[in-house]
Structure formats: structure tokens, C-alpha cells
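Chemist: Following this message is one structure expressed as C-alpha cells.
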Amino acid sequence: MSICRVDTVSIPVTDQNQALQFYRDVLGFELIRDHAENQQTRWVQLVPRGAETTISLVKPFAGMEAGGVQGLVVQTHDIQSTYQELSSRGVALSEIITMMEGRFATFNDPDGNGWVLIESNGTMLA
């Protein structure tokens with residue numbers, strides 16, 4: 001078998017422009033591609049700085065629902081400063097929880113897709 005990594009995760013959203021603003025301007029993801037074939041089909045692809053796996057902001061298809069993706073994990077080296085920065089940008093985060101020698105907080109995008117922000121040491125890896 002030659003599958004070697006997760007390349008792109010599709011995030012179903014109701015409004016691609018609103019989602020793009022959130023992921024690029026609030027979370028700081030880098031825009032890789034924003035291409036529209038026509039009025040119905042648009043490919044919006046972003047990546048967290050330095051990451052390999054990307055996300056695509058898609059209109060729901062094949063049984064997807066906007067807000068239906070939960071538990072996506074992003075990592076930070078300093079959860080306290082990242083937490084404060086995201087909070088100052090209007091992101092509503094849960095309290096920071098310490099578990100298994102790591103720390104995490106959760107938040108949602110404008111459609112309710114759920115994310116986990118994690119600061120881990122060698123013991124707690126996502």
C-alpha cells in the first residue's frame with residue numbers, strides 16, 4: 001500500500017468567503033489556492049504555517065453538513081499566548097485543560113466545525 005499521509009481535509013461551510021476570512025485572518029492560515037470554475041464550484045485551500053496537511057473550505061457535498069466536522073487537532077508550541085491571541089481576535093475558546101501531560105482548548109469556526117488547540121510534550125501527541 002502506498003498511502004503515505006493525509007493531504008487535504010474538506011471542511012464543509014455555508015459561506016466560503018466568511019470561512020476564508022476566519023481561517024486566513026483570524027487563525028492565520030495561509031491561502032494556497034482560491035479558484036472558481038464557475039458560480040457553483042470553488043476550491044479554497046489553506047494551510048497552517050509550516051504544515052503539510054491542508055484544508056479545503058467546501059460547500060457541503062456527499063452527505064456533508066456545514067459544521068459537521070469535529071475534533072480536528074492543531075498544535076501550538078505555546079498554548080497560553082496562542083489562546084490569548086485567538087481570544088483577542090474574537091475566537092470563543094473553552095478553558096485550557098491539562099491532561100496526559102499536555103494542554104488543550106477547543107473552539108469552533110463560524111459554522112460550528114470543531115477544533116482542538118493542543119500544546120503537547122512527547123507524551124501527548126495528537
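The values are calculated or read from the model by the stated rules, or taken from the named source; none is laboratory data. Keep in mind the model is a prediction, meaning the values are calculated, not measured. Calculation scope for accessible area: heavy atoms of the full protein, side chains included, ligands and nucleic acids excluded. Shrake-Rupley method; radii C 1.70, N 1.55, O 1.52, S 1.80 Å.
Chemist: Take every DSSP beta bridge with both residues inside the chain and express the antiparallel ones as a percent of the total, to the nearest 5.
Modeler: Antiparallel bridges make up about 70 percent of those DSSP assigns within the chain.
Chemist: Could I ask something else about it? Could you list log10 I(q)/I(0) for the chain at q = 0.21 Å⁻¹, which the Debye formula gives when each Cα is one point scatterer?
Modeler: Log10 I(q)/I(0), no solvent term: -1.31.
Chemist: For the chain, what is the calculated [θ] at 222 nm in deg cm²/dmol (nearest 500), taking -39500 (n - 2.57) for each run of four or more DSSP H residues and dividing by its residue count?
Modeler: So the helix-based figure for the chain works out to -3000 deg cm²/dmol.
Chemist: What accessible area per residue, rounded to a whole number of Å², is obtained for the stretch 16-126 using a probe radius of 1.4 Å?
Modeler: 59 Å²
Chemist: If you roll a 1.4 Å probe over the stretch 41-90 with all protein chains in place, what percent of the accessible area is carbon or sulfur?
Modeler: 50 percent
Chemist: Another question, if that's okay. In terms of modelled amide H atoms, which long-range or inter-chain residues lie less than 5 Å from the amide H of Thr8?
Modeler: Here the answer is Thr54, since their amide H atoms fall under 5 Å of that of Thr8.
Chemist: A follow-up question, please. Using only Cα atoms and rounding to the nearest 10 degrees, what angle (0 to 90) does helix 79-88 make with the longest principal axis of the chain?
Modeler: Compared with the principal axis, the helix lies near 50 degrees.
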